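To start, the structure under review is shown below, and the notes come after it.
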Amino acid sequence: MKKTKMTALLLAMCFCMSACGTAVDTSEQQQTLKQEGMQLQAAGDYGGAIAKYEEALKLSNMEVGAEEIDLAYYKASAQYRSGDLTGAIDTYSAVLAVKEDENGYLGRGLLYVAAKEADKAEADLNKVLKETEDPLIKGIIYNVVNQTDKAKEYFEEAKNEGNMDAVFYLANIYEKAGDHNYAMILLEEYIASDKASAEGFLSVGRHYFDNEDYENALKTLQAGIALGESGVLKNLMQEEIACLEKMGDFAGAREKAASYLEKYPDDAMMQKEYEFLKSR
């Protein structure tokens, strides 16, 4: 994608860049830092992830292209997960000051919903609704503003087009409506596909767990863990330990708890749980 010169506004929004090496070297360094940031984010170290993304952005030589925008979106995601809604919104706003696009307005609009800034959310999300032809995006927007019937309509349309993400969203709608059986049918369809995310495996695993089907819960959670680093890896590992305890496999639970604490050593609750498991 052709790069555009950064505006003074974007400079003020913390995209302070400096020249460093050749374009190829810079791109490689950015990719390395991005991957390091993603790994830290998946491990729950959002501050560390943000620092990596910002370091990568500083290599951009006063220019903003597809890679810099992608880095900014990752930074906003880490800010949101860390609880810094204002920072995440500011990051999206900085990107939109340089390049207006559907993803930017969608992301910022959803953040405004989370921040309970209804007027600003409506303005951004309406821009997306006027431009997009994607039924999944329309479904997501109507879902977050609690227009469930419209959301279902668009998710069904996306599902019929083969979009498996729509199946996951539909399952959540039916789950919230109390139709647990149909929600489970949809979730099982979702995790059987090659598009399944760790979040999907977590949802199905929890459903099995809540229904005391610990064997299937364990298999499902471990399938999610096997996908590798993800934003819900910590949750998957916690649920796996809980399953093993429910099944009476305290040695297995203790082993998994030790592995968990190697990855998340500051989790005080798991430290207590590990001490309990050592006594079993």
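Coordinate-derived values only; no laboratory data. Predicted model, so just to flag it, every value in this text is computed and none were measured. Here the Cβ positions follow ideal geometry from the backbone for every residue, glycine too, while neighbour counts run over all protein chains shown.
Of note:
- Within the chain, the percentage of alpha carbon pairs spaced more than 25 angstrom apart rounds to 57%.
- Residues in the stretch 105-127 that a label on Q147 would reach, taking backbone N under 15 Å of a point 7 Å out along Cα→Cβ: 110, 119, 121-127
- Placing +1 on the Cβ of every Lys and Arg and -1 on the Cβ of every Asp and Glu, with no other charges, gives the chain a dipole of roughly 560 debye about its Cα centre.
- Tilt relative to the chain, helix 118-131 - C-alpha long axis, 0 to 90 degrees, to 10: 80
- The stretch 80-147: proportion of alpha-carbon pairs further apart than 20 angstrom, %: 23
- Between 0 and 90°, nearest 10: helix 198-210 axis offset from the chain longest Cα axis: 30
- With R₀ set to 45 Å, the beta-carbon distance separating E100 from A177 gives a calculated FRET efficiency near 0.80.
- Extending 7 Å from Cα along the Cβ direction at Q31 and again at A268 yields two label points whose distance is 4.3 nm.
- Principal-axis tilt of helix 85-98 within the chain, Cα atoms, nearest 10 degrees: 40
- Across K116/K246; K130/K159; K52/K263; K195/K234, pairs whose alpha-carbon gap is larger than 29 Å: K116/K246
- Dipole of the chain [Lys/Arg +1, Asp/Glu -1 at C-beta], most positive-end residue of M269, S93, Q39: S93
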